Amino acid sequence: QTQLVESGGGSVQPGGSLRLSCAASGFTLDYYEIAWFRQAPGKEREGVSCIRNDGGRTYYTDSVKGRFTISRDNAKNTVYLQMNRLKAEDTADYYCAAIPRIHGVDGTCGHWAEYNYWGQGTQVIVSS
């Protein structure tokens, strides 16, 4: 069955770190661009970061630049989001999503409705 499964969320203090994982099954990530979206209560779904199918290009929204790093290991069929120096405003449910696109990430990650496959989400809470 085609699935994406997120893991690695949790509750941390401001300034802490988490690493989120997005594991795919039922399909190969080699030809898919992967994005991380997040949604906080009362806010719209936001594209946080995305990575080209081969890892050659990445994108980060301004609010996370310098703090988050997206990476992928296609041999493990997994994408990661390393989140450092977390802030309270990073609190949200985080989702990974896949779109069958190659040679992408010329700009932003695009709109969430473009993505074909979604994980169930993992919760990140940053508070003191």
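The residues of the chain expose, per residue, 50 Å² of accessible area to a 1.4 Å probe. Applying both filters, DSSP loop and at most 11 other Cβ atoms within 10 Å, to the trypsin sites (Lys or Arg not before Pro) of segment 21-63 gives K43. Taking the convex hull of the alpha carbon positions in segment 61-125 and averaging its projected area over all directions gives 5.3 nm². Highest GNM mean-square fluctuation among I70, I102, I34, for the chain modelled with Cα contacts below 10 Å: I102. A straight Cα-to-Cα reach below 13 Å connects K65 with the aspartates and glutamates D90, residues fewer than 8 places away in its own chain not being considered. Taking the protein heavy atoms of the chain in the context of the full set of protein chains, the accessible area attributed to carbon and sulfur is 44 percent at 1.4 Å.
The values are calculated or read from the model by the stated rules, or taken from the named source; none is laboratory data. From a predicted model like this one, the values you see are computed outputs, not experimental measurements. No Cβ is skipped: glycine too gets one built from the backbone with ideal geometry, and neighbour counts run over all protein chains shown. SASA here: full protein model, heavy atoms, side chains in, ligands and nucleic acids out. Shrake-Rupley method; radii C 1.70, N 1.55, O 1.52, S 1.80 Å.
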